[in-house]
Amino acid sequence: MLAVSCAQEASAQEVRDFPTDDPTLKPRQYRISEYLRSCGKDDLSSVERSICLADTAKKLKFTLRSELQRQAADAAEIEAQEPVGGKTGLERAQIIKRNNARTQKAWEAYFKATCDAIAEEWEIGGGNGGAITTGRCMVRLLVQRINEIRG
């Protein structure tokens, strides 16, 4: 019983301590704590929590894809603009699209490596909270990435 109380207390502390406030986003900002709180209710079993986190991550991936599409549409609008800095609108749009694709690919590698490492740590340690911790990792990184793109 003491272990459960400590785990719940640590989880509550974790939700409060995420550095998610970005003053540039204000009302448009997604907050990690809101997503984790919905899956951290005391009446949920560990299996239910891990399923909730996996479902939340799936929804956030959809949101991320939407934000990436919006980002691509914004870049496409630049194509019709007048030359700036010695580059035509088309050249600038191509550079922006290339940079966006490159950074997203790097972020995807980081996302996979980070959350896979967390899962492996739990697996080799013999713990049983790996699915929950991995789900939290996924939610945290997805929300951060969505906020980066929106910012």
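The values are calculated or read from the model by the stated rules, or taken from the named source; none is laboratory data. Everything numeric in this text was worked out from a predicted model, so none of it was measured. Here the Cβ is made from the backbone with ideal geometry for all residues, glycine too, and neighbour counts use every protein chain on show. Please note that ligands, DNA and RNA were not included when accessible areas were found on the heavy atoms of the full protein model with its side chains. Shrake-Rupley method; radii C 1.70, N 1.55, O 1.52, S 1.80 Å.
See the values below:
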| read-out | value |
| --- | --- |
| Which numbered condition ASN128 misses (of (1) open to solvent by 50 Å² or more (accessible area, probe 1.4 Å); (2) without any contact (Cβ under 8 Å) to a residue 60 or more places away in the chain; (3) over 23 Å from GLN29 (Cα atoms)) | (2) |
| Residue list for region 113-151, filter: touching a Ser or Thr at 6+ places or on another chain (Cβ under 9 Å), farther than 14 Å from SER33 by Cα and hydrophobic (A, V, I, L, M, F, W, C) | CYS115, ILE118, ALA119, TRP122, ALA131, ILE132, ILE146 |
| In region 47-69, the residues that are closer than 30 Å to GLN94 by Cβ and either in contact with a Ser or Thr (Cβ under 8 Å, 6 or more places away or on another chain) or free of Cβ contacts under 8 Å to residues at least 40 places away in the same chain (or both) | PHE62, ARG65, SER66, GLN69 |
| Segments classed as helices (runs of 4 or more DSSP H), wholly inside region 43-151, with at least 1 members that are out of contact with any helix residue (DSSP H, G or I) (no Cβ under 9 Å at 6 or more places or on another chain), modelled with pLDDT under 90 and not basic (Lys, Arg) | 89-125 |
| Tally, over region 35-47, of residues that are out of contact with any Lys or Arg (no Cβ under 8 Å at 6 or more places or on another chain) and either hydroxyl-bearing (Ser, Thr, Tyr) or surrounded by 12 or more Cβ atoms within 10 Å (Cβ to Cβ) (or both) | 6 |
| Failed item in (1) at positive phi; (2) surrounded by 13 or more Cβ atoms within 10 Å (Cβ to Cβ), with LYS97 passing the rest | (1) |
| Matching residues, region 48-83, being open to solvent by 50 Å² or more (accessible area, probe 1.4 Å) and under 17 Å from MET138 (Cβ atoms) | GLU48, ILE51, ALA54, ASP55, LYS58, LYS59, LYS61, PHE62, ARG65 |
